[in-house]
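To keep things clear, I will list the structure first and then write my remarks on it.
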Amino acid sequence: MKDSQERHAGAERPGTTAEATVDTVSDDADIAMTVGEVSTLLGVSVRALHHWDESGLVHPSQRSAAGYRLYSEADIMRIQQVLVYRQTGMSLADIKAVLDEPGADALTHLRRQRELVQGQISHLQHKLSSIDMVIDIQQLGARISVAEMAEIWGTDWDPVYVEEARARWGDTPEWAESYQRKARMSRADWVQAHEETVALETALAEAMRNGVEPGSPEANALARWHRKDFNRWFEVSTSKQVLIARGYVADERYARYYDKRAPGLAAWLKDVIDACARSEGVDPETATWE
């Protein structure tokens, strides 16, 4: 008798919450847990479990011979799904609507939860990248804020891209040189850099539309202008420029960046840079970072 009383300590007594259809637990039931036991197992307060019962979010579907409400394995799984959805910021009402959606099975919910969590990860990664950018700028004593940077460069500036670049090249001399130069730049310097970059990219797009052929004097002049524009950040040799240009077609984000100015611009610019490199004695196929 004592064991029975201990088992049902903290259990919901009959008639104290909204009525729901319940089954009397049988001797061969897989799981039948009291409110107190579920609270301890999942780290959810008894008060929350009572509220979820009253609101119809999670009903204990079984009942002991003594009339105590008990949670089945399916009930506990539903509670776990509620907890995951809550972590994504969903309201209890929205969670109930999702869980009660006709035809939605456990796998459907798990996939939906994964998408929501992945979205949170992406959002947090973006915030983390922004914070890292602020840290980098502050450490170098930069003379311009992140907000001003975004204002000047608009959608072309994304701290996520900067963070990816830092993770990939942060230990290189070129990265250190670039950040040292940026730290000395004033707002006016950044505005000038943006204007000159826009002028270059406008000239590139116009030349491609006008049918300028890679290897022609005009195309070679544009390739050297491109190299000069990059030299603002760190010293770029012809070989380095060739390797940089490879990324314009290998990385779809860089390709989109140029192609939004003129369809096909990324590939055309790579061809222009390769042709100019050949005229300067550098084989694009064997170019190295030097």
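The values are calculated or read from the model by the stated rules, or taken from the named source; none is laboratory data. Just so it is clear, the model here is predicted, and its values are computed rather than measured. When we count neighbours, we look across all protein chains shown, and the Cβ atoms used for this are built from the backbone with ideal geometry, even at glycine.
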> Which of the residues that make up region 238-263 are closer than 28 Å to SER186 by Cβ and part of a loop (DSSP other than H, G, I, E, B)?
Replying inline: ARG261
> So which of PRO217, PRO263 is exposed (fewer than 13 other Cβ atoms within 10 Å of the Cβ) and either over 17 Å from THR197 (Cα atoms) or charged (D, E, K, R) (or both)?
Replying inline: PRO217
> With region 94-194 as the region, which helices (runs of 4 or more DSSP H) entirely inside it contain at least 3 residues that are of a type outside the set (Gly, Ala, Ser), at pLDDT 75 or above and farther than 23 Å from ASP229 by Cα?
Replying inline: 106-139
> What are the residues in region 220-229 that are surrounded by fewer than 16 Cβ atoms within 10 Å (Cβ to Cβ) and either among the small types (Gly, Ala, Ser) or outside any helix (DSSP H, G or I) (or both), if any?
Replying inline: ALA221
>> Scan region 210-231 and tell me whether some residue there is over 20 Å from ALA262 (Cβ atoms), more than 31 Å from the chain's Cα centre (by Cα), acidic (Asp, Glu) and assigned by TED's automatic domain parsing to the domain that holds LYS260.
In response: no
>> List pairs: first residue in region 261-290 and touching a residue at least 24 places away in the same chain (Cβ under 8 Å), second residue surrounded by fewer than 18 Cβ atoms within 10 Å (Cβ to Cβ) and of a type in the set (S, T, N, Q) anywhere in the structure, Cβ distance under 8 angstrom, at least six positions apart or on different chains.
In response: ARG261/THR202; GLU290/SER237
> Considering GLN241, GLN180, GLN192, which residue is touching a His at 6+ places or on another chain (Cβ under 9 Å) and either more than 27 Å from HIS123 (Cα to Cα) or acidic (Asp, Glu) (or both)?
Replying inline: GLN241
> Any residue at all in region 237-249 that is farther than 21 Å from GLU196 by Cα and loosely packed, with under 15 Cβ neighbours inside 10 Å?
Replying inline: yes
